[in-house]
1. Give a residue-ordered list of calculated ³J(HN,Hα) values for the range 266-280 (Karplus: 6.51 cos²θ - 1.76 cosθ + 1.60, θ = phi - 60°; whole Hz; x for Gly, Pro).
2. Of the GluC sites (Glu not before Pro) in the range 282-343, which ones lie in a loop per DSSP and count no more than 14 other C-beta atoms within 10 Å?
3. Assuming R0 = 56 Å, what is the FRET efficiency of E303 and R113, from their Cβ-Cβ distance, to the nearest 0.05?
4. Report the residue, chosen from K329, K348, K167, that carries the largest GNM mean-square fluctuation when the chain is represented by alpha-carbon nodes joined by springs under 10 Å.
5. Long-range amide H contacts for L285: which residues qualify at under 5 Å (H placed 1.01 Å from N, peptide plane, sequence gap of 5 or more or a different chain)?
6. Tell me the volume per residue, in Å³, of the convex hull enclosing the alpha carbons of the chain.
7. Where in the range 219-300 are there trypsin sites (Lys or Arg not before Pro) that are in a DSSP coil and have at most 12 other Cβ atoms within 10 angstrom of their Cβ?
8. Note down the relative contact order for the chain as a percent, whole number, built from C-alpha pairs under 8 angstrom at least six residues apart.
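Just so it is clear, none of the values below were taken in a lab; they were calculated from the coordinates. As the structure is a computational prediction, the values presented were derived from the model and not from experiment. Counting neighbours? That spans all protein chains shown, and the Cβs are built from the backbone with ideal geometry, glycine included.
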Amino acid sequence: MENKLNIMIVSDEDALMSQLKTIAETKSEQVIGVRSNEAVREMNREMAHIVIFGQTDTDTSVEVVQMLKIINPNALILFIANASDFGLLRNMTRAGADEFFVFPEEAGLFSSRFPNIVKSYAAKKAKNEESAAPTFGRGRGKIISFYSGKGGSGCSLLAASFAQTMKLESSAEVILIDLNGQFGGVETLLSIESNRSLADLQPVIEELNESHIRNVSQTQEHSKMEVLISPCDAEILETLDEEFIAKLLRTCRRSFDYVVVDLPSSINGLVVTAMEESDKIYYVLTPDTPSLKIMKHYEELSERLGLVLTSRMEIALNKLSKNFEVKQKDLKNVLRYPIIASIRQDTKGLQSFINQGQPVRKQAKERKLIPFAKDIRKFARQVAKQ
């Protein structure tokens, strides 16, 4: 049971990091080490059950521990101090630290107590999971990004339809964020008219909360899903930076169960930040050679940028048709990532919806669904089970 626990070690000192890793790896196979300035982003990306936090040289330790506890209230936080300090102990306890050790004096005590601490936490976690009802948890939403390196692959349509279906098929709180700056696009697919965009959140980004987001977002008429529209102005888009996107996504994660992000095909700082914050990246791939070649370039670029795609990226095959020379069974032997969805080409069924600017789903239980909508429903249900 302990081997399934994710343990995150936070330290800015290499020697302490190495020492703590040696101890942690005796009880779990999933141990990662990060610097203090990367801890919050890593916790958002990959939920850690146990955090061993080494005191930093700055006064940010308390703030970071508070943020980690907000992201995962059930996390067990073990704080390692450099010296005995009653004031620090009090502040850390208030911030959410569960245990307090002083290194190097109590290194032996920590090493001997750690196995029992992990065992007790694992037992408590299992008990809570057995008694908990299968409901959507607040405060730890899932960020899902849709991306394709090739324009015209249907990425925006898939993202919008997926988000709409997730809202109709479940009791989850869903928000769709359009990062396709410059000209937008999602509002046209969902029949939304508004002169407000996510750029209007800039003045309040430092104290951003759910109320601010709902004041700017638009509620889709049929599903009641929230939609944050992209600014249809390249000049305004240039005023947004990576920090803005990171804070926006983290706040949405705490306020919604599913945060669906529609990304542009171009790669820039905003797109990379959104990908880093995402729990899942669904790469929209059409079954043709140019698309496969572009995806390979994307994989190589991600590796150079340090984007971790393993276990996070899955393929959504779009526009599948008997007329295509490349078949799905052929792609399975070529692709490095699993295929999570297969969406049939449905030009005849989709055309009227796209031309009228209407979503393909309007009700929770619709009898006559076009093939595209049926495939999206299957896709959404599969994701909801994960």
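1. Those phi angles translate into 6, 10, 9, x, 5, 5, 4, 4, 4, 5, 5, 7, 6, 7, 9 Hz.
2. Passing both the DSSP loop test and the Cβ count: E325.
3. Efficiency, rounded to the nearest 0.05: 0.90.
4. Highest fluctuation among the options: K329.
5. Long-range HN contacts for L285: A316, L317, N318.
6. Enclosed volume per residue, from the Cα hull, is 157 Å³.
7. K224
8. 16
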